[in-house]
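A.B. asks: One structure coming up, written as structure tokens, with questions to follow.
The values are calculated or read from the model by the stated rules, or taken from the named source; none is laboratory data. Computed from a predicted structure; not experimentally measured. Glycine also receives a Cβ, built like all others from the backbone with ideal geometry; neighbour counts cover every protein chain displayed. We work out accessible area using only protein heavy atoms, side chains counted, and drop any ligands, DNA or RNA first. Shrake-Rupley method; radii C 1.70, N 1.55, O 1.52, S 1.80 Å.
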Amino acid sequence: MICIGHRGARGVYPENTIQSIEYAIDCGAPWVEIDVRAYQGRLLVIHDDTLERTTNGTGYVTDYSLLELRALDAGNGQSIPLLEEVIATVKQRAIINVELKDSTSTALVLSIIEQHIAKGWSYDDFLVSSFLHQDLQWLKHANPNIRIGALSAGVGIDDAGFAQSLAAYSINLCQESLNQKIIDDAHNRGLKVFVYTVNDTRDFIKLQHMKVDGVFTDYPEKLLKWLAR
Ligand code: G3P
Ligand code: MG
């Protein structure tokens with residue numbers, strides 16, 4: 001079962017910050033997940049479209065200039081990173097799961113991944129996931145080499161056909177809606193199954209028994225220690 005640091009390691013350091021991502025990698029997480037939003041032609045690594053929860057700012061991201069946003073404190077004195085900064089930090093030490101939070105970010109993520117491929121990165125260094133399946137479809141059509149993860153929070157779904165029809169690499173499911181049928185169905189279709197957000201050791205055990213391929217966790221060190229037991 002693969003350990004995917006959720007928003008870096010949001011249980012330990014401020015989410016989606018360089019510090020959080022760096023810590024997840026230092027712990028040995030082979031994958032890190034981050035959220036991106038497009039803003040004025042750039043990709044901000046931030047989960048919400050508002051600032052209160054994760055920064056010392058207030059209101060909508062779109063109420064501010066890029067310069068003002070970058071001057072905010074996203075925790076421990078860090079600024080909201082740009083996707084390029086995260087990629088430069090990771091330096092191919094982990095696979096980066098970029099989660100698209102808005103449609104506008106899709107073409108920008110495509111462009112940034114292609115720029116990095118041209119510089120020697122591999123398509124295997126990235127997974128682009130989203131709840132926005134039309135955007136994933138557009139991305140896959142634009143460049144079939146890009147791996148995509150179809151996110152779903154749907155309760156009671158037991159058919160992974162929607163992810164297969166997107167030519168996805170993985171189906172990324174929330175723990176609360178998980179059942180054995182969807183896991184087996186996804187595997188039969190050649191898809192990996194990743195589950196979010198898993199922080200409890202009892203759940204690590206349960207999900208490993210269910211043959212889940214990877215879990216997003218806020219505490220990568222805890223999961224990695226458990227995996228290495
Ligand atoms: O990508 C897994 C998970 O991060 C999806 O939900 O809200 O944490 O971005 P959220
Ligand atoms: Mg996310």
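A.B. asks: Here is a list of conditions, (1) touching a helix residue (DSSP H, G or I) at 6+ places or on another chain (Cβ under 6 Å); (2) open to solvent by 50 Å² or more (accessible area, probe 1.4 Å), and Gly41 meets all of them except one; can you say which number that is?
C.D. replies: (1)
A.B. asks: Another question, if that's okay. Can you pull out the residues in the range 24-38 that are open to solvent by 30 Å² or more (accessible area, probe 1.4 Å), touching a residue at least 40 places away in the same chain (Cβ under 8 Å) and more than 14 Å from ligand 1 (Cβ to nearest atom)?
C.D. replies: If the condition is that a residue be open to solvent by 30 Å² or more (accessible area, probe 1.4 Å), touching a residue at least 40 places away in the same chain (Cβ under 8 Å) and more than 14 Å from ligand 1 (Cβ to nearest atom), then Cys27, Gly28, Pro30 are the ones that fit.
A.B. asks: Also: Being part of a loop (DSSP other than H, G, I, E, B) and surrounded by fewer than 21 Cβ atoms within 10 Å (Cβ to Cβ) is the filter here, so list the residues in the range 73-93 that pass it.
C.D. replies: Asp73, Gly75, Asn76, Gly77, Gln78, Ser79, Lys91, Gln92, Arg93
A.B. asks: Next question, about the same structure. For the subset of the range 71-130 comprising residues that are within 17 Å of His6 (Cα to Cα) and of a type in the set (Lys, Arg), which member is nearest to ligand 1 (Cβ to nearest atom)?
C.D. replies: In this case the residue turns out to be Lys101.
A.B. asks: Let me ask you something else. Select from the range 110-166 the residues that are of a type in the set (Phe, Trp, Tyr), more than 19 Å from Glu84 (Cβ to Cβ) and touching a strand residue (DSSP E or B) at 6+ places or on another chain (Cβ under 6 Å) and list them in ascending order.
C.D. replies: Of everything in the range 110-166, just one residue is of a type in the set (Phe, Trp, Tyr), more than 19 Å from Glu84 (Cβ to Cβ) and touching a strand residue (DSSP E or B) at 6+ places or on another chain (Cβ under 6 Å), namely Phe131.
A.B. asks: Looking at Thr106, Thr55, which one is among the polar types (S, T, N, Q), part of a loop (DSSP other than H, G, I, E, B) and open to solvent by less than 20 Å² (accessible area, probe 1.4 Å)?
C.D. replies: Unique residue meeting the criteria: Thr55.
A.B. asks: Scan the range 211-229 for residues that are of a type in the set (A, V, I, L, M, F, W, C) and buried (at least 17 other Cβ atoms within 10 Å of the Cβ) and report the count.
C.D. replies: 5
A.B. asks: From Ala24, Ala29, grab the single residue that is part of a helix (DSSP H, G or I), of a type outside the set (Val, Ile, Thr) and within 27 Å of Ile148 (Cβ to Cβ).
C.D. replies: Of Ala24, Ala29, the one residue that is part of a helix (DSSP H, G or I), of a type outside the set (Val, Ile, Thr) and within 27 Å of Ile148 (Cβ to Cβ) is Ala24.
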